[in-house]
1. Of the residues B:Val70, B:Val75, B:Val66, only one is over 20 Å from the mean Cα position of the chain (by Cα) and either modelled with pLDDT of 75 or more or surrounded by 17 or more Cβ atoms within 10 Å (Cβ to Cβ) (or both); which?
2. Can you say whether A:Thr192 is within 20 Å of A:Asn64 (Cα to Cα), outside any strand (DSSP E or B) and within 14 Å of chain B (Cβ to nearest Cβ), as far as the supplied structure shows?
3. Would you call B:Thr40 modelled with pLDDT under 65 and either more than 9 Å from chain A (Cβ to nearest Cβ) or within 19 Å of A:Ala256 (Cβ to Cβ) (or both)?
4. Select from the stretch A:175-228 the residues that are under 21 Å from A:Gly282 (Cα atoms) and modelled with pLDDT of 90 or more and list them in ascending order.
5. Determine whether the stretch A:159-172 contains at least one residue that is out of contact with any strand residue (DSSP E or B) (no Cβ under 7 Å at 6 or more places or on another chain) and β-branched (Val, Ile, Thr).
6. For the stretch A:80-89, which positions are closer than 22 Å to A:Pro185 by Cα and either within 14 Å of chain B (Cβ to nearest Cβ) or at pLDDT 95 or above (or both)?
7. Suppose the filter is surrounded by 14 or more Cβ atoms within 10 Å (Cβ to Cβ) and in contact with a His (Cβ under 7 Å, 6 or more places away or on another chain); does A:Gly223 pass it?
8. Give just the number: which of (1) crowded, with 21+ Cβ neighbours inside 10 Å; (2) under 17 Å from the mean Cα position of the chain (by Cα) does A:Leu89 not satisfy?
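The values are calculated or read from the model by the stated rules, or taken from the named source; none is laboratory data. Keep in mind that what you see is a predicted model, and the values were worked out from it rather than measured. Neighbour counts are summed over all protein chains in view; Cβ atoms, including those assigned to glycine, are modelled from backbone coordinates with ideal geometry.
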Amino acid sequence: MEHGVEAAAAISFIQINGTVIVALIVLGFFGGLLSGFIGSGGAFVLTPGMMSLGVDGVVAVASNMAHKFPKAIVGVLKRRKLGHFDLRLCIIMVLPAIAGVVVGIFLQRLILDMWGKAGSNLYISLIFVGVLSIVGIYTLLDGRKAAKSGVDDTTSALAEKVKKINIWPMVNLKEANSTVSLWIPLPLGFATGLLAATIAVGGFIGVPSMIYVVGAPSFVASGTELGIAFGMGLVGAFTWATAGFVDFRLTALILAGSLVGVQVGAIGTSYVKPYMIKIVAGTVMILAGVSRAVVIPTYLSDLDIMTITDGIYDFLRTASLVILFATLIGCGLIIVGAMYKGKKSVAVSSRTSVQVS
Amino acid sequence: MHNTKNLSPDVLKLSLWAVLTACLYGGFFLFIGPIFGFFTGDNVCDGVGLFMAVDRMLWIFSNGNVCSGVGVVVVALVFSFIHGSFASHLLDAVGLKALIKSGD
């Protein structure tokens, strides 16, 4: 099969039929479920999921950014009330993050122009495999360590060293309970934006850097990340859409599932130990990375870099889809199981309190 | 005649958000495309199917100009607000939302 011809073709939106509509809503639901459960945007499964359904990588990233930012602002409003949001840290990081988004979109379009959509899909998949493998393995090991020691939030030695760097201007971050040089969060924000524009997931850099470099508590880091995600998503969605890369049908269908899923996932969080959340998140990240890795030969074939048979080509595409959906369903079962256990314990405790009174 | 006083404010709120959400998705996927097509001269109302209507909608958001950019941002916010409110009220109505509070 001559896949090289496809590589040169212009970017195009997928045909929507009943199966695709159901698949996107289900994907959105499970993505939202995971997002509510682990407190991330969920795009690390949504973008690969959309790509596995045949959406071009650049359209998947653009449509995902448009789906993420409205949800982020709702999260910011909720987390601010709880004191989990540092406005000053958010402002310091969101400005370079927006610059990172603009540069990231420029790079994506450059790659698309030079190597076509197969090259663009390959670039996005390689970044996904690299980032998901590193963050997934680290999260999984951290979860195992916390499960053994019983301590969930560990302090960072690096953050203590960074706080000692006294380069003007120093910024006092009240909610993050830290004072750092302004020059520390700026490059971290830029890297967050660059990654967000590449795979629609900036939090993989933003949250760990706020915890391990700036020294913010994990709940403040994840709350502040929502504000950064809103700023990046707003500018990113506008920029992508202005260039005609947002397929709003995908955005709307993903939103339809994820807005329900995110609320259900948040319930599951209440009934599991934090290390369990890390183990689930790490496992899903690794498997989402695997689902991207298995299709890389098909993109190399599209670019005429390697030759594979039609049978293997189709098998790899199907395998990618099956791995991702099986992972999401498995993760959904764990969350629903946690909810069921929680509901049972609430029923028992309320019966006990009635008997006591 | 039904006595509306028997309906709790929560049920009324849920019904309101459900109707708004249905109108939003229905309007978005079924009507916006054909209406836009009418103004651009495409006779999309002549036997248009659901998925054709969905495809027509792309004209608005994928033109690749400032209108597409503003349109995507505004409509995404509207979708998120209306459907998000519906989802929140729905979970409240089926008793799942209370689990978050009790779990904490």
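1. B:Val66
2. Values: within 20 Å of A:Asn64 (Cα to Cα): yes; outside any strand (DSSP E or B): yes; within 14 Å of chain B (Cβ to nearest Cβ): no.
Answer is no for this residue.
3. On the way: modelled with pLDDT under 65: yes; either more than 9 Å from chain A (Cβ to nearest Cβ) or within 19 Å of A:Ala256 (Cβ to Cβ) (or both): yes.
Answer is yes for this residue.
4. Selection gives A:Thr192, A:Leu195, A:Ala196, A:Thr198, A:Ile199.
5. No, the stretch A:159-172 has no match at all.
6. To start, the set of residues in the stretch A:80-89 that are closer than 22 Å to A:Pro185 by Cα comprises A:80, A:83-89.
Answer for the stretch A:80-89, where residues must be closer than 22 Å to A:Pro185 by Cα and either within 14 Å of chain B (Cβ to nearest Cβ) or at pLDDT 95 or above (or both): just A:His84.
7. Working: surrounded by 14 or more Cβ atoms within 10 Å (Cβ to Cβ): yes; in contact with a His (Cβ under 7 Å, 6 or more places away or on another chain): yes.
Considered against the rule, which asks whether it is surrounded by 14 or more Cβ atoms within 10 Å (Cβ to Cβ) and in contact with a His (Cβ under 7 Å, 6 or more places away or on another chain), A:Gly223 comes out as yes.
8. (2)
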